[in-house]
1. Contact list please: Cβ distance under 7 Å, first residue in segment 92-114 and surrounded by 14 or more Cβ atoms within 10 Å (Cβ to Cβ) and part of a helix (DSSP H, G or I), second residue of a type in the set (S, T, N, Q) and at pLDDT 90 or above, pairs at least six apart or on different chains.
2. Go through segment 45-63 and count every residue that is surrounded by fewer than 15 Cβ atoms within 10 Å (Cβ to Cβ) and outside any helix (DSSP H, G or I).
3. Look at residue 42 and say whether it is touching a Lys or Arg at 6+ places or on another chain (Cβ under 9 Å) and buried (at least 17 other Cβ atoms within 10 Å of the Cβ).
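The values are calculated or read from the model by the stated rules, or taken from the named source; none is laboratory data. Computed from a predicted model, the values in this text were never measured in an experiment. Note: ideal-geometry Cβ built from the backbone for every residue, glycine included; neighbour counts use all protein chains shown.
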Amino acid sequence: MNYLSSTLYIIGPLAVGALLILLMVLGKRLGQALELPPYYKLYYVSIIFFLLPLPAAWVLLVTKAWGLPEPALTTGLIIKIAVASIPLTIAITFAVFATAKYWGWIWGELGRSRRRDGEQDEA
């Protein structure tokens, strides 16, 4: 079971990295079409903050699999927060901001189409 979680721990973040690259490409094209500022560059920052700590996290995972002694509970928690949580939070923040800038116009369009559908139902 430990090998399955180790595999998922490697494949999962790489899949999220691929999703960020896909959003970056789509955002770049959408930004060119809508003549928006180059917010897609925020995806580069997001990818860097997301992928750079992964090797350190994988090393921690491998050392645990090798049966090496784990650090004290508080030290282990601090390492996990510093290696995983803080960079991931920064990465997702940049990605959500860029996505909101590129795809925010859809919410207005959805609202307009719902209002039109409501007016047609009344008529």
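1. Short answer, once both residue conditions are applied: 94/46; 95/46.
2. Looking only at that region, the number is 1.
3. Against the criterion (touching a Lys or Arg at 6+ places or on another chain (Cβ under 9 Å) and buried (at least 17 other Cβ atoms within 10 Å of the Cβ)), residue 42 qualifies.
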